[in-house]
Amino acid sequence: MIRLHNTKTRRKETFRPLDPGHVRMYLCGPTVYDRAHLGNARPVVVFDVLYRLLRHVYGTGHVTYVRNFTDVDDKINATALARKEAGAPGTLEELIRARTEETIGWYHADMDALGAARPDHEPRATDYIGAMITMIADLITRGHAYAKDGHVLFRVRSYAGYGALSGRSVDDMIAGARVEVAPFKEDPMDFVLWKPSDADLPGWDSPWGRGRPGWHIECSAMSYELLGASFDIHAGGIDLQFPHHENEIAQSCCAHPEGGFANFWLHNEMLQVEGKKMSKSLGNFFTVRDLLDQGIPGEVIRFVFLQTHYGKPMDWTAEKAAQAEATLRKWRALTAGVAPAHEVAPGVLEALADDLNTAGAIAVLHGLTGEPALLKGSAQMLGLLIDEMGDWAKAPEVDLSHLAAKLADLRATAMETKDFAPVDALKSALMAAGVEVRMSKAGVELLPGPGFDAAKLEGLA
Ligand SMILES: [Zn+2]
């Protein structure tokens, strides 16, 4: 029995799928204009564990997971336009496509490195423009939206449930939000479903002229097309709760009153770095790729994420990463060559079924080091100790015997001359290259250790 904290009711509730033979979940995906920063990866990793748990409980073929790509957005247009002005060949549409293709490729590579399974569907907004136009037209017909000056706006006050997800009244939200007052709006709270595009912007023909969709409508249209008017779980970062998720609910429930949209809402809290909000001005803003390029394995990043419950703010620290690396190295050494057990330790399943308590599940794993097969099988439930992700922990196969012989010779000479400086110099150089140096009366032993870098050995032999 899985229990999940439902933002909609602010309670932990027993999860019962609308159709036990087909569990459906949707996660708001990235806007593909740049590399994903570390905070963007948190929902991907924590809800990947939920996806693994649901597949374990309901069967692999009985879960549909959708995560979208927002590939129409003013930031994408701006980067494409800048390239065009810099002299890049091709039409603006081609440059936009090239930019989004490139960014989607990066995103896949980075999320794969974190061990996140690919969702069953990864719809792109630009492939669903027709479905969005249909939905917008339907909202106008039903009196929930209106067209003015090439724009279509959602009439927020036509939907009594607006604000229920975040527990705020419309008037509170107006007071607290940066609502844009515009001449084409009946009410400042009304939000854009469709907006006009001039010649410098991508656009599609619509009943309201050439234009492009607002951001919120895409998730409503794509979830309807792929999951239906009612589905089980909608997840995303807490920063999306208002206005994005409130707007999704309003659009979907008004266009499809026969459905209930998402039954459960799950929100992950935000990520900090060394106790501070990640921001470009503080200089602590980095992407997943930055960390991978620094040599921090994706599995280590994943482990650090999962040590904090998704509903709590999480703090990324270098110390946590170092501890995670040491733990994973130990577990990988213990389970090397071991086939994973088919069963998962009951304690791990119990922790995950309790609102995705990944920290609790990891605590159980620490107690399984005496049972390597069970440790491996159970860790894989969290997407850890997967064979394909373990190359980083393998000792590199290098022949250090000639350097060991050289060090032994230097030591023998030093015994005569009493000048140990050459021995110490070579020893320091080896250690700087990540080599573990063991010297005893029996001889010299050299082993590649953590952070081993063969390039630094050049010129030492
Ligand atoms: Zn969304």
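Here are a few things to note about the model shown:
- 3J(HN,Hα) from dihedral phi, segment 118-123, Karplus parametrisation 6.51/-1.76/1.60, rounded to Hz, x for glycine, proline: 5, x, 5, 9, 10, x
- Segment 417-461 and segment 132-157 have Cα centres separated by 71 Å.
- Once all protein chains are placed together, residue 281 keeps about 110 Å² accessible to a 1.4 angstrom probe.
- Shown in residue order for segment 297-302 are the 3J(HN,Hα) couplings computed by the Karplus curve 6.51 cos²θ - 1.76 cosθ + 1.60 at θ = phi - 60°: x, x, 5, 5, 4, 4 Hz (x for Gly and Pro).
- Gyration tensor verdict on segment 115-234 (Cα atoms; rounded if a/c is under 1.5, prolate if a/b is larger than b/c, oblate otherwise): oblate
- Its Cα gyration tensor gives segment 173-255 an equivalent ellipsoid, and the semi-axes of that ellipsoid, as √(5λ) in whole Å with the largest first, are 23, 19, 11.
- Each other residue within a Cβ distance under 14 Å of residue 332 adds +1 if Lys or Arg and -1 if Asp or Glu, for a net charge of 0.
- Dipole of the chain [Lys/Arg +1, Asp/Glu -1 at C-beta], most positive-end residue of 166, 366, 261: 366
- Rh (Kirkwood; distinct C-alpha pairs) - segment 20-68, Å: 11.8
- Of all DSSP-defined beta bridges confined to segment 3-268, some 45% are antiparallel rather than parallel.
- Looking at segment 225-324, the DSSP beta bridges with both ends there are about 15 percent antiparallel.
- Phi to ³J(HN,Hα) by Karplus 6.51 cos²θ - 1.76 cosθ + 1.60 over segment 236-251, Hz, x for Gly, Pro: x, x, 4, 5, 8, 4, 10, x, 3, 6, 4, 5, 4, 4, 4, 4
- Long-range HN-HN contacts of residue 270 with modeled amide H, under 5 Å: 314
- Residue-averaged 222 nm ellipticity for the chain, from DSSP H runs of 4+ at -39500 (n - 2.57), nearest 500: -12500 deg cm²/dmol
- The accessible-area ordering, largest first, of the residues 1, 439, 278, 25 stands as 1, 439, 278, 25, per a 1.4 angstrom probe.
- Segment 241-318 versus segment 72-129: alpha-carbon centroid distance in Å: 20
- Counting only heavy atoms of the protein chains and using a 1.4 Å probe, residue 417 has close to 80 Å² of accessible surface.
- The listed residues 387, 138, 71 rank as 387, 138, 71 when sorted by accessible area, largest first, using a 1.4 Å probe.
- Less than 5 angstrom separates the built amide H of residue 155 from those of 145, 146, all sequence-distant by 5 or more or on a different chain.
- Using only alpha carbons, the chain has a radius of gyration to Kirkwood radius ratio (Rg to Rh) of 1.08.
- Between residue 187 and any residue 5 or more places off or on another chain, the built amide H atoms are never under 5 Å apart.
- Among beta bridges that DSSP assigns inside the chain, antiparallel share in %, nearest 5: 50
- Neighbourhood charge, 15 Å Cβ-Cβ cut-off, centred on residue 313 and excluding it, Lys, Arg +1 and Asp, Glu -1: +1
- Placing unit charges on each Cβ (+1 for Lys and Arg, -1 for Asp and Glu) gives the chain a dipole about its Cα centre, and among 281, 103, 420 the Cα reaching farthest toward its positive end belongs to 420.
- Ratio Rg/Rh, restricted to segment 400-457 and using Cα atoms, in which Rh is the Kirkwood radius: 0.97
- When all protein chains stay in place and ligands, DNA and RNA are ignored, the 1.4 Å accessible-area order of 265, 208, largest first, is 208, 265.
- Full extension of the chain segment joining residue 184 with residue 386 gains 67.3 nm, where the gain is 0.36 nm per residue of separation less the Cα-Cα distance.
- Per residue, the convex hull spanned by the Cα atoms of segment 333-458 amounts to 145 cubic angstrom.
- Spatial extent of segment 272-393: Rg and Dmax, with the Cα atoms as the point set, Å: 15.1, 48
- Calculated on the Cα set of segment 3-268, radius of gyration then Dmax: 18.6, 57 Å.
The values are calculated or read from the model by the stated rules, or taken from the named source; none is laboratory data. The model shown is predicted, which means the values in this text are computed figures rather than measured ones. Glycine gets a Cβ as well: all are built from the backbone with ideal geometry, and neighbour counts include every protein chain shown. Note: accessible area is taken over every heavy atom of the protein model, side chains too, but ligands, DNA and RNA are not part of it. Shrake-Rupley method; radii C 1.70, N 1.55, O 1.52, S 1.80 Å.
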